[in-house]
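As structure tokens, the structure follows; a few thoughts come after it.
Please treat every number below as a calculation from the coordinates, not as lab data. Note that the structure is predicted; figures quoted are calculated from it, not measured. Because the Cβ atoms are built from the backbone with ideal geometry, glycine has one as well, and the counts that use them run over all protein chains shown.
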Amino acid sequence: MVTDTRVIPVILLGTGNVGGTLLRLIQETRATAARRKGLELRLIGLGDISGLLYDPAGLPDDLLQAAQRAAEQRQTLDVLPGIRPLEDLPGLLDTGVVLADVTAAKSTGGLLQSAVAAGGGAVMANKNPLTGLWQDTRLLFERPQVRYECTVGAGLPVIRSLKHLLDTGDQAVQIEGCLSGTLGYLCAGLEQGTPYSQMVAQARSLGYTEPDPRDDLSGHDVARKALILARTAGWPLEMSDLVVEPLYPTAMAGLSVDEFLAAAHQLDDEYASRFNDAGSEENTLRYVAQVGPEGGTVGLAPVAKASPLGALHGPANYIAFHTRYYSDLPLVISGPGAGPLVTAAGVLDDLLDLASDLA
Ligand SMILES: NC(=O)c1ccc[n+]([C@@H]2O[C@H](COP(=O)([O-])OP(=O)(O)OC[C@H]3O[C@@H](n4cnc5c(N)ncnc54)[C@H](OP(=O)(O)O)[C@@H]3O)[C@@H](O)[C@H]2O)c1
């Protein structure tokens, strides 16, 4: 039981699936955080694409609850009173203020770096700020006031396990895994003989893919996770160091979503024969990311059915760290690698962990 409560001001960007859930969790766990950790995460700012709510004394509870309802109804924050332009944000970053990015925006890297440079901290579930050129992102990997656990494997303790190994003198040798639940689901269906076009349509209707399934099928999202793992391991790779195999031909990149879905049956035979050729009693294919100090590959790879990767049949993620300490058998982390609740809980854990350090 802790008696003194330290207040950590937080500005949260993003009120979508993850942001809306995080908003609720921060309010629900307020008493527990004070009792168990002596910390209060005080939301002083909340932003989305439409603007920013801001009060340096803390946003009032009734406004936070209204923002949560707006998020649940998919409304932007400008339906609420007191919204300010997002351009005000850089001037509000200050010592001790944590900026949390749970958007999918491409443009927040500079803001997160400013938050750290101002003597505060940065937390993100958004992969974009970490996957640009190394020279533009290295500060976010090298400064201790940054947390980004949920960028790989959502709420699974992937980044912190890797950092724990490095902090205790270990060295990564190779990292491999299945980092996309969507592509795991696709491979398991193809292995069973379900046509490619049917699996893509099914994954999309279950909400496993982005609205444009090519965002998942391109492999780019997996590559971004592999790059984050590599950079965390101490390998300053660029995206161009990864060879990525997309699961559709570039000729189909220019089609509209509907045109792509209608044409996807043209790929049924190709993927059926790839899985047939690779498949046997013992082997199958999985969409695997492999990365080491010099680079890596992301694409379909043969695996033994009896191996952990071959045994994955649903949207679970699997990450194996081959290191100096874990040389005979890798250190393995596996479990659900997506979902708003586990992701929001992971971001909350990052916030509390960083808040403990800042306090
Ligand atoms: N969902 C998961 O399971 C999961 C797991 C791991 C990581 N992530 C990552 O977490 C992030 C959020 O995911 P999500 O599922 O919550 O996405 P989402 O539902 O699309 O929400 C994104 C939010 O960010 C806002 N936004 C977009 N661009 C912005 C900008 N430039 N400035 C401020 N706000 C902006 C959006 O506002 P508008 O709606 O007005 O555009 C929306 O509120 C993504 O980067 C995703 O890759 C998600």
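Here are a few things to note about the model shown:
- Estimated at 0.36 nm per residue, the fully extended path between Leu133 and Ser356 surpasses their Cα-Cα distance by 77.2 nm.
- Helix runs (DSSP H) in the chain reaching 20 Å along axis by Cα, Kyte-Doolittle at least 0.0: 340-358
- Label reach from Asp215 (point 7 Å along Cα→C-beta): in segment 98-139, amide nitrogens under 11 Å belong to 104-105.
- The 3J(HN,Hα) values that the Karplus relation (6.51, -1.76, 1.60; θ = phi - 60°) gives for segment 287-302 are, in residue order, 8, 10, 9, 10, 9, x, x, 9, x, x, 10, 9, x, 5, 9, x Hz. Gly and Pro appear as x.
- Taken one residue at a time, the phi angles of segment 38-50 give Karplus couplings (6.51, -1.76, 1.60, θ = phi - 60°) of x, 10, 10, 7, 9, 6, 9, x, 9, x, 9, 4, 8 Hz. Gly and Pro are set to x.
- Gap separating the Cα centres of segment 57-75 and segment 25-41, nearest whole Å: 18
- Relative protection proxy for 249-262, 291-304, from highest mean packing down: 291-304, 249-262 (other beta-carbon atoms within 10 angstrom).
- Among Ala70, Ala306, Ala345, residue whose mean-square fluctuation peaks in a GNM of the chain (springs only between Cα atoms under 10 Å): Ala306
- Counting only lysines at least 8 places from Lys225 when in the same chain, those with an alpha carbon closer than 20 Å to its own are Lys106, Lys127, Lys163.
- Residues in segment 94-108 carry Karplus couplings, in order, of 8, 3, x, 8, 9, 9, 10, 10, 10, 9, 10, 6, 8, 10, 8 Hz; the curve used is 6.51 cos²θ - 1.76 cosθ + 1.60 with θ = phi - 60°, and Gly or Pro positions show x.
- In the chain, helical runs assigned H by DSSP with n ≥ 4 each contribute -39500 (n - 2.57); averaged across all residues and rounded to the nearest 500, the mean residue ellipticity at 222 nm is -11500 deg cm²/dmol.
- Net charge of Cβ neighbours under 15 Å - reference Leu312; Lys, Arg +1; Asp, Glu -1: 0
- Placing +1 on the Cβ of every Lys and Arg and -1 on the Cβ of every Asp and Glu, with no other charges, gives segment 84-153 a dipole of roughly 160 debye about its Cα centre.
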